[in-house]
1. Could you count how many residues in the stretch 70-91 are in a strand (DSSP E or B), in contact with an Asp or Glu (Cβ under 9 Å, 6 or more places away or on another chain) and not aliphatic (A, V, I, L, M)?
2. Could you run through the stretch 57-83 and say how many residues are at pLDDT 90 or above and under 30 Å from Gly161 (Cβ atoms)?
3. Only one of these conditions is not met by Glu171: (1) within 20 Å of Thr36 (Cβ to Cβ); (2) modelled with pLDDT under 90. Which number is it?
4. Suppose we keep only residues that are open to solvent by 50 Å² or more (accessible area, probe 1.4 Å) and farther than 23 Å from Cys42 by Cβ within the stretch 193-212. Which one would you say is modelled with the lowest pLDDT?
5. Name the single residue, out of those in the stretch 45-69 being in a strand (DSSP E or B) and aromatic (Phe, Trp, Tyr), that is surrounded by the most Cβ atoms within 10 Å (Cβ to Cβ).
6. Could you run through the stretch 61-87 and say how many residues are hydrophobic (A, V, I, L, M, F, W, C) and in contact with a Phe, Trp or Tyr (Cβ under 7 Å, 6 or more places away or on another chain)?
7. Look at the stretch 28-44 and say how many of its residues are within 19 Å of Val88 (Cα to Cα), assigned to a loop (DSSP other than H, G, I, E, B) and either open to solvent by less than 60 Å² (accessible area, probe 1.4 Å) or without any contact (Cβ under 8 Å) to a residue 60 or more places away in the chain (or both).
8. Lys87 is checked against (1) closer than 21 Å to Leu56 by Cα; (2) under 12 Å from the mean Cα position of the chain (by Cα); (3) at pLDDT 90 or above and fails just one. What number does that condition carry?
Amino acid sequence: MLTAMAAALLAISSVSAPNTWPENPPPDKIIIDVATVNGTGCPPESAAVSVSPDNLAFTVTYSKYTAQVGVGATPTDFRKNCQIGLKVHVPQGFTYGIAGADYRGFAHLEKGATGLERASYYFQGNSPTAFIEHPLKGFLEDNWQFTDEVPIDAVVYKPCGEQRNLNINTELRVNAGTSDPKKTTSFLTMDSADGSIKTLYHFAWKTCPATK
């Protein structure tokens with residue numbers, strides 16, 4: 001059975017990220033530490049995190065995240081994934097959820113080839129949500145962008161007073177399909193021309209009840 005967050009994400013995709021939420025973000029600076037990084041799409045020191053000055057979002061930057069098939073690719077290169085555990089230091093009296101996420105990259109898919117971007121995120125101790133998937137079809141040589149949004153009443157918040165890591169799982173896949181992998185190469189990357197791409201996650205903030 002899907003959680004409310006998963007069901008909401010499955011129902012809504014490829015829409016604009018939210019601009020306003022019922023409660024304002026905390027005024028103090030938010031600090032995010034990368035607790036764990038695992039996966040073929042994010043080798044050590046190839047992923048970084050930063051928080052926006054207004055505390056409304058944070059970005060994950062990748063530099064070596066490419067899935068490919070065909071000439072020059074190994075048998076395992078068709079699938080790349082990254083699992084990041086983040087420790088978000090929240091000011092006392094506040095908690096947060098994820099209101100949405102923007103994923104961007106570049107694709108070169110030969111005619112007949114296909115690609116897939118998918119992602120999920122959840123708090124440590126909760127059941128993983130279902131992956132939200134976005135397919136691509138060749139021929140394609142262009143930047144791509146997908147946005148997943150959560151309605152206000154479906155946001156899952158970190159329990160107040162508890163330190164739980166936020167786990168983010170992403171994956172890229174490329175299938176040669178009817179293209180000829182002996183003569184061509186198709187690839188899908190969470191990357192950009194300058195060597196990095198910022199995947200944007202939008203915060204939803206909420207004040208915690210006062211404790212005695």
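1. Pass one, the stretch 70-91, residues in a strand (DSSP E or B): 70, 79-89.
Among the residues that remain, those that are also in contact with an Asp or Glu (Cβ under 9 Å, 6 or more places away or on another chain) are: 70, 79-82, 86-89.
Retained after the next criterion (residues that are not aliphatic (A, V, I, L, M)): 70, 79-82, 87, 89.
Result for the stretch 70-91: 7.
2. The total comes to 2.
3. With respect to (1) within 20 Å of Thr36 (Cβ to Cβ); (2) modelled with pLDDT under 90, Glu171 is out only on (2).
4. Among residues in the stretch 193-212 that are open to solvent by 50 Å² or more (accessible area, probe 1.4 Å) and farther than 23 Å from Cys42 by Cβ, the one modelled with the lowest pLDDT is Lys212.
5. Applying the filter and picking the extreme gives Tyr62.
6. 3
7. Residues flagged as within 19 Å of Val88 (Cα to Cα), assigned to a loop (DSSP other than H, G, I, E, B) and either open to solvent by less than 60 Å² (accessible area, probe 1.4 Å) or without any contact (Cβ under 8 Å) to a residue 60 or more places away in the chain (or both) within the stretch 28-44 amount to 2.
8. Checking Lys87 against (1) closer than 21 Å to Leu56 by Cα; (2) under 12 Å from the mean Cα position of the chain (by Cα); (3) at pLDDT 90 or above, the one that fails is (2).
The values are calculated or read from the model by the stated rules, or taken from the named source; none is laboratory data. Because the structure is predicted, anything quoted here is derived from the model rather than measured. FYI the Cβ positions are ideal-geometry reconstructions off the backbone, even for glycines, and counts take in every protein chain you see. SASA here: full protein model, heavy atoms, side chains in, ligands and nucleic acids out. Shrake-Rupley method; radii C 1.70, N 1.55, O 1.52, S 1.80 Å.
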